[in-house]
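Input: a single structure, listed below in structure tokens.
The values are calculated or read from the model by the stated rules, or taken from the named source; none is laboratory data. What you see is a predicted model, and the numbers here were worked out from it, not measured in a lab. When we count neighbours, we look across all protein chains shown, and the Cβ atoms used for this are built from the backbone with ideal geometry, even at glycine. Accessible surface is based on the protein model in full, side chains and every heavy atom, while ligands, DNA and RNA are left aside. Shrake-Rupley method; radii C 1.70, N 1.55, O 1.52, S 1.80 Å.
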Amino acid sequence: MFIRYGYEIVLTCPQETPLVCLMDIHPDRAADIQSETVSVTPYRPQSVFIDMFGNKARRLVAPAGDVTLACSGLIYDEGLPDRQNFIAVETPVADLPPFALPFLLGSRYCETDRLSQQAWGLFGHISPGWGRVQAIMDFVHGHVTFGYEHARATRTAFETFHERVGVCRDFAHLALTLCRCMNIPARYVNGYLGDIGVPYNPAPMDFNAWIEVYLGDRWHTFDARHNTPRIGRVVIARGRDAADTAMISSFGPHVLKSFKVVTEEAKDVIEPAPTDARQALTAVR
């Protein structure tokens, strides 16, 4: 199937302001992008680079006044729910690959030192592996109440644990912190997630946050907010927490004037027969 995605964000800057934006589709899905248009109005030159976590980032200098950042694209997706592997095992810390080790440590929004005792008290008796991670997702899903009115940019995992309210990033921060406390590598992910294969949600479309957990020899998707396999996740960025994946980092003051996101199945696009290249790509994933 195909997913139509995009955004339109309007910022107001009192003066010329350097920006670094993490809103492009992650490079590991580049082969699936069918078409894409990215624009800045009024026009400003942009440069693209890959950051330390492998995300595609854009740099520009926004003009004084209003600036509109926009994207419109179409991406191919297998149309399958998140893969599950109920027999996936935890890897002992001594045997973890070096790239997984940073995702065991505390970070800006994830205070492993403040939640370690609670984590071991809640999940220490559960057999290591997929079941323990799922128990953490079940706990966070039932412990925290979702609501856009609860959004707060500075809320940490420790605060979410005690306040018991939040938005998707708070669910993700608490879930991955509890995993790290149990010596299970976990990383923060944000991206597009439309209402595909689930009942229609009248709330405005938005970017979403979830986590990836390292079990066995690969990363697995978990989502404490929805707590069920979903169809159509399109990763934008990964990092230790939301500080590493901020959509827009501005080096000067700005006001968010408008924010619109589109992520939905493109039912009007006819899917061609799979090519050998696409079949090979699907087989590798």
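Arg152 falls short on exactly one of the conditions (1) part of a loop (DSSP other than H, G, I, E, B); (2) within 19 Å of Ala135 (Cα to Cα); (3) in contact with a strand residue (DSSP E or B) (Cβ under 9 Å, 6 or more places away or on another chain); (4) not hydrophobic (A, V, I, L, M, F, W, C), and that condition is (2). Of all the residues in region 78-93, those that are crowded, with 17+ Cβ neighbours inside 10 Å and among the acidic types (Asp, Glu) number 1.
Out of Phe99, Phe103, which single residue is of a type in the set (Phe, Trp, Tyr), open to solvent by less than 80 Å² (accessible area, probe 1.4 Å) and farther than 11 Å from Leu215 by Cβ?
Phe103
Test Thr154 against the stated conditions and say whether it is of a type in the set (Ser, Thr, Tyr), more than 28 Å from Ile25 (Cα to Cα) and modelled with pLDDT of 95 or more.
No, not satisfied.
Could you please let me know if Phe2 is under 19 Å from the mean Cα position of the chain (by Cα), surrounded by 15 or more Cβ atoms within 10 Å (Cβ to Cβ) and of a type in the set (Phe, Trp, Tyr)? So Phe2 does not fit the description; no.
Looking for something closer than 30 Å to Val198 by Cβ, open to solvent by 30 Å² or more (accessible area, probe 1.4 Å) and at pLDDT 95 or above - is there at least one such residue anywhere in region 54-71? Yes, because at least one residue in region 54-71 is closer than 30 Å to Val198 by Cβ, open to solvent by 30 Å² or more (accessible area, probe 1.4 Å) and at pLDDT 95 or above.
Would you check which residues across region 6-17 are open to solvent by 60 Å² or more (accessible area, probe 1.4 Å) and more than 15 Å from Tyr192 (Cα to Cα) and list them? Across region 6-17, the qualifying residues are Pro14, Gln15, Glu16. When Glu149 is tested against (1) surrounded by fewer than 17 Cβ atoms within 10 Å (Cβ to Cβ); (2) over 25 Å from Asp113 (Cα atoms); (3) in contact (Cβ under 8 Å) with a residue 12 or more places away in the chain; (4) not hydroxyl-bearing (Ser, Thr, Tyr), just one condition goes unmet, and that condition is (3). Scanning region 185-208 for residues that are over 15 Å from the mean Cα position of the chain (by Cα), part of a helix (DSSP H, G or I) and over 27 Å from Glu265 (Cβ atoms) turns up nothing. When region 223-270 is filtered for residues that are part of a loop (DSSP other than H, G, I, E, B), among the aliphatic types (A, V, I, L, M), open to solvent by 60 Å² or more (accessible area, probe 1.4 Å) and touching a residue at least 60 places away in the same chain (Cβ under 8 Å), only Met247 remains. The residues of region 20-53 that are of a type in the set (A, V, I, L, M) and either farther than 25 Å from Leu193 by Cα or in contact with a Pro (Cβ under 9 Å, 6 or more places away or on another chain) (or both) amount to a single one, Ile50.
Determine whether region 124-139 contains at least one residue that is assigned to a helix (DSSP H, G or I), at pLDDT 95 or above and among the basic types (Lys, Arg).
yes
Only a single item in (1) in a strand (DSSP E or B); (2) among the acidic types (Asp, Glu); (3) touching an Asp or Glu at 6+ places or on another chain (Cβ under 9 Å) is not met by Glu212, and it is number (3). Residue count for region 1-57 satisfying the condition of being charged (D, E, K, R) and either closer than 22 Å to Gly252 by Cβ or part of a loop (DSSP other than H, G, I, E, B) (or both): 5. Condition check for Gly166 on (1) in contact with a Phe, Trp or Tyr (Cβ under 8 Å, 6 or more places away or on another chain); (2) closer than 29 Å to Gly124 by Cα; (3) touching a residue at least 24 places away in the same chain (Cβ under 8 Å); (4) open to solvent by less than 50 Å² (accessible area, probe 1.4 Å): one failure, at (3).
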